[in-house]
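Contents: one structure, followed by commentary.
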Amino acid sequence: MKRIFAAFALLLFACNKNKEKLIQPTVQDITESVYASGTVKSLHQYEVFSSVNGIVGRLVAKEGDTISKGDPILKLVNEIPALSAENARIAATYSSVAFNTDKLNELKVNIGLAREKMKNDSGLLSRQQNLWAQGIGTRNELEQRELAWKSARTAYEAALLRYQDLRKEIDFAARQSAKNLQINNSISNDYTIRSQQSGRVYKILKDPGEMVTMQTPVAIVGSSSEFIMELNVDEYDIGKIKHGQKVFASMGSHSEKLLEGTITKIETIIDERTRSFQVEAAFASPPAGLYPNMTIEANILISTKKSALTIPRTFL
């Protein structure tokens, strides 16, 4: 019995001794990070929409083209708006002050004639009044001169009013026609869908003959040289994410290299479908060969503890 106990004690000692050899605590830095997955996006990438409904007439830009702000991407069929714009242009020309100069000049001539007649009748009246004061002439002649002068004055004032009314009418018609032309040109221009920024056309989503509505995108445009990480963070981890935190990412297309970045934007509303928040990170040194919608996996560094005493996970 004593021999059995001694052997058991020896075996237990040997096991404890072996276990002590296996457990080797180490001193190293440990980090806390949050996992996030997402895609690569070009900087300022956006979907291009049309402001009007219509049918694609022709494509102006091709996928992969580099374009400037305001450059056309595609044109919709716009025969009726184009005709309306041309009609408005004709109306604006016809209603302009320059086109109606002859009418205004005619009334100016009438004003001049009425003024001369009024001055002449005024002189005749003054002469008749002098004669009447000297006892020469009849009252009827004096009254006729007064009536002629008043009639001439009324005709002059009426000529002035006609000119002023016509000028106001022409000015109003000219402004109205110019505004209608501006509106019609704007409507016609809406049928040419243009880029709102400089960059690259990554995707054309419509072909000639297809219907375009204001609710569906027609193209995707973004920066041709700058890219960002667009990551999805679980709602339970979003409280740990701060601006400026480092990101370490990997991509299947760049598996040989660990990519680094920095958090630059945190969305403040949750995606109800995925129950996650979208965050953006800028590449510290973006690799060559990046394209929108490439998949990416990342760890967002939350904290680091220096020189921590650690033991293997298997012994926890």
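Based on Cα coordinates alone, diagonalise the gyration tensor for the chain, multiply each eigenvalue by 5, take square roots, and list the semi-axes in whole Å, largest first.
Details: eigenvalues 1796, 126, 41 Å².
Computed over the chain, the values are 95, 25, 14 Å.
Which of ASP102, ASP190, ASP234 has the fewest other C-beta atoms within 10 Å, and how do the rest follow up to the most?
Numbers: ASP102 7, ASP190 16, ASP234 13.
Placing the least packed residue first, the sequence is ASP102, ASP234, ASP190.
Please give the charge dipole size of segment 78-190, origin at the Cα centre, charges +1 on K and R Cβ atoms and -1 on D and E Cβ atoms. Round to the nearest 20 debye.
Working: 16 positive and 14 negative charges, 107 e Å.
The dipole magnitude comes to about 520 debye.
What ranking do ASP65, ASP207, ASP171 get, fewest neighbouring Cβ atoms within 10 angstrom at the top? Don't jump to the answer; show the numbers that get you there.
Working: ASP65 17, ASP207 9, ASP171 14.
Arranged by neighbour count, lowest to highest, ASP65, ASP207, ASP171 become ASP207, ASP171, ASP65.
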Over segment 78-190, how many pairs of lysines fall under 19 Å by alpha carbon, counting only those 8 or more apart in sequence or from different chains?
7
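Determine the calculated [θ] at 222 nm for the chain from helices alone, applying -39500 (n - 2.57) to every DSSP H run no shorter than 4 residues and normalising by the residue count; nearest 500 deg cm²/dmol. Could the numbers behind the result be given before it?
Numbers: 4 runs with 123 residues, N = 316.
About -14000 deg cm²/dmol.
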Pairs over 24 Å Cα to Cα, from LYS242/LYS305; LYS203/LYS246; LYS62/LYS257, come to LYS203/LYS246; LYS62/LYS257
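Using 0.36 nm per residue of separation minus the Cα-Cα distance, give me the extension gain between LYS62 and ASN140 in nm, one decimal.
Details: separation 78, 0.36 × 78 = 28.08 nm, distance 9.18 nm.
Roughly 18.9 nm would be gained on extension.
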Linear extension gain, LEU124 paired with ASN105, 0.36 nm per residue minus alpha-carbon span
4.0 nm
Under the Karplus curve 6.51 cos²θ - 1.76 cosθ + 1.60, θ = phi - 60°, whole-Hz ³J(HN,Hα) for segment 177-190, x wherever Gly or Pro sits:
5, 5, 5, 4, 5, 4, 5, 5, 5, 5, 4, 5, 5, 4
Helix 101-133 vs. the chain, principal-axis angle (Cα, 0 to 90°, nearest 10):
40
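A short reminder: the numbers here are calculations on the coordinates, not readings from a lab. Just so it is clear, the model here is predicted, and its values are computed rather than measured. We place every Cβ from the backbone using ideal geometry, glycine too, and count neighbours over all the protein chains shown.
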